[in-house]
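What follows is a set of notes on a single structure, which appears directly below.
The values are calculated or read from the model by the stated rules, or taken from the named source; none is laboratory data. Owing to the predicted nature of the structure, the values given are computational and were not obtained by experimental measurement. Positions of Cβ are backbone-derived with ideal geometry, glycine not excepted, and every protein chain shown enters the neighbour counts. Surface areas here come from the heavy atoms of the whole protein model, side chains and all, with no ligands, DNA or RNA. Shrake-Rupley method; radii C 1.70, N 1.55, O 1.52, S 1.80 Å.
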Amino acid sequence: MRSIIFDAFSGASGDMILGTLISLGADREKVREIIESSVDVSVRIGEANKRGISAVDVHIDVDHEEHERHYHELVDIVKNAGLSPKVEHSALAIFEIMAKAESKVHDKSLDELHFHEVGQNDALADVIGSCFAMHEIGADAIYCLPINVGGGRVKAAHGSMPVPAPATLEILQQTGLTFYGFGKRELLTPTGAAILGHFAKPIENLPRGKVLSIGYGAGDADTEDPNVLRSTLIDTEGDLSRDSIEVLETNVDDVTGEVLGNLFEKLLSIGARDVAIVPATMKKGRTGHIIKVITKPEHSANIAREIMRETGTLGIRVIPTKHRYTADRRMDNVRIVIRGKAYDIPVKIAEDASGEILHISAEYEDCKRVAKEWNLPLKDIIRKVEEEAWNIHGPEDMF
């Protein structure tokens, strides 16, 4: 399987991501064409030498002074750009990540939110171009090693703030990217964080594989270390993820259904991955139940204690289970329209380590709410949501 690995040892910005993807193999003329046809900018793509490292250097030239934009203006620009469905969806998702971060920092709703730097044409160009390049390379999976956010302080609308800047920190929290701080200046921008956060899964070490291509994208700063973003296209073995779990199991009798129902919810809230309570016939013909709990080893003791407290059982079997195969899971939203009204419905996407989608399921409660509002069958709403999700995320040649 072909995987892209981003190594942001000197941070990342939108133009650095564009540069490294072009260096990695994306067609520079196609990238230039898609950007210039979507946004009122001109694109210069050249080469730069950063501390002895040759890197692709991308500059977005804006000919006129720009005003700040509302979030909905950015959405309209992306939707009117004539992009392919996958590129459009990715660009909208990235701006949504940035919008949610800015909304939280400024305590304003998305409808009230004004974008400053990230609402300018160069940011639009970086996002749209990076999405196009990422999809053109067409890797099966995308990963990101821990990102160097830099250090020191940065000027912001709030005054001088420590690195990472507030919006960048919110994006790191929102996307789950891993990071560290080294240096005396800001190295990770909100745009760079949002692009990597949307596409890449965080990893701590390089996976096993063979190098197919290497890319370097130049940053604007001159730093002590090479200010480049490195990307590597490698051939890895596609596999399901594996983790270690423990199965806790005990037999109980003389426990009411109400107690078991309460136990079910409590165990899930304190770390259980799954809970099953199975009716059983116990010794001397008594009716009872077998309680099975799947959990990570670090939660086992706490869960076992809670089962004892709630049921009165005196012993719990612990069954170590190594190398459990699991699908990676992530959440996304898809938009459906019912009789002229739009709804954003969460979906759970299960995929293997190569990025191949194994299953998509719509969130039950959200679909139930829409079905109830319009008095429609729940199964029809679920089907509509999941079909739309497969249209966006599934392979183009699926059907």
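For this structure, a couple of remarks:
- Magnitude of the charge dipole for the chain, about its Cα centre and with charges confined to Cβ atoms of Lys, Arg (+1) and Asp, Glu (-1), is about 1960 debye.
- Phi to ³J(HN,Hα) by Karplus 6.51 cos²θ - 1.76 cosθ + 1.60 over the range 226-233, Hz, x for Gly, Pro: x, 7, 9, 9, 9, 10, 10, 9
- Ellipsoid equivalent to the range 291-393 - semi-axes via the Cα gyration tensor, in Å: 37, 20, 9
- Across the accessible surface of the range 16-59, with the other protein chains kept in place and a 1.4 Å probe, carbon and sulfur atoms take up 42 percent.
- Top positive-direction residue, dipole computed over the chain with Cβ charges, set H64, Y343, A125: Y343
- Theoretical FRET efficiency, 1/(1+(r/R0)^6), r = Cβ-Cβ of I214 and R335, R0 45 Å, to 0.05: 0.75
- Between the helical axis of 121-137 and the longest alpha-carbon principal axis of the chain there is an angle of about 60 degrees.
- Length gained on full extension, I203 to I45: 53.9 nm, using 0.36 nm per residue less the C-alpha separation.
- Ranked from largest, the principal axis spans of the Cα set of the range 1-145 equal 44, 35, 32 Å.
- Plainly put, the range 283-343 has a radius of gyration that is 1.26 times its Kirkwood radius, both from alpha-carbon atoms, as the Rg/Rh ratio.
- Two-site label geometry, S361 and M282: point separation in nm, points 7 Å out along Cα→Cβ: 3.1
- In a reduced charge model with +1 at each Lys and Arg Cβ and -1 at each Asp and Glu Cβ, the range 38-81 shows a dipole moment near 380 debye about its Cα centre.
- Computed over neighbours whose Cβ is under 10 Å from that of L212, the net charge equals +1, Lys and Arg +1, Asp and Glu -1.
- For the chain, the 222 nm mean residue ellipticity estimated from helices alone, with every DSSP H stretch of n ≥ 4 adding -39500 (n - 2.57) and the total spread over all residues, rounds to -11500 deg cm²/dmol.
- For D254 and I319, a Förster radius of 35 Å and the Cβ-Cβ distance give a FRET efficiency of 0.90, rounded to the nearest 0.05.
- Gaussian network model of the chain, springs between alpha carbon atoms under 10 Å - residue of A193, A221, A272 with greatest fluctuation: A272
- Taken along the Cα-to-beta-carbon direction at a fixed 7 Å, the label points for W374 and A221 span 4.9 nm.
- Ordering of 373-380, 301-308 by burial proxy (mean other Cβ atoms within 10 Å per residue, highest first): 301-308, 373-380
- Amide H contacts under 5 Å for I142, placed H, 5+ residues apart: I4, K201
- 5 angstrom amide H check on L187, placed H, neighbours 5+ away: G150, G151
- Relative to the dominant Cα principal axis of the chain, helix 378-393 is inclined by about 40°.
- Solvent-accessible area, 1.4 Å probe, carbon plus sulfur percent, for the range 152-271: 50
- Hz values of 3J(HN,Hα) by residue in the range 332-339 - Karplus curve (6.51, -1.76, 1.60), Gly and Pro given as x: 8, 10, 10, 9, 10, 10, 10, 6
- Considering the range 1-72 at the alpha-carbon level, its Rg and Dmax are found to be 14.3, 45 Å.
- FRET E, pair H64, A342, Förster distance 41 Å, beta-carbon r, rounded to 0.05: 0.75
- Counting only alpha carbon atoms, the long axis of helix 190-199 and the longest principal axis of the chain meet at about 50°.
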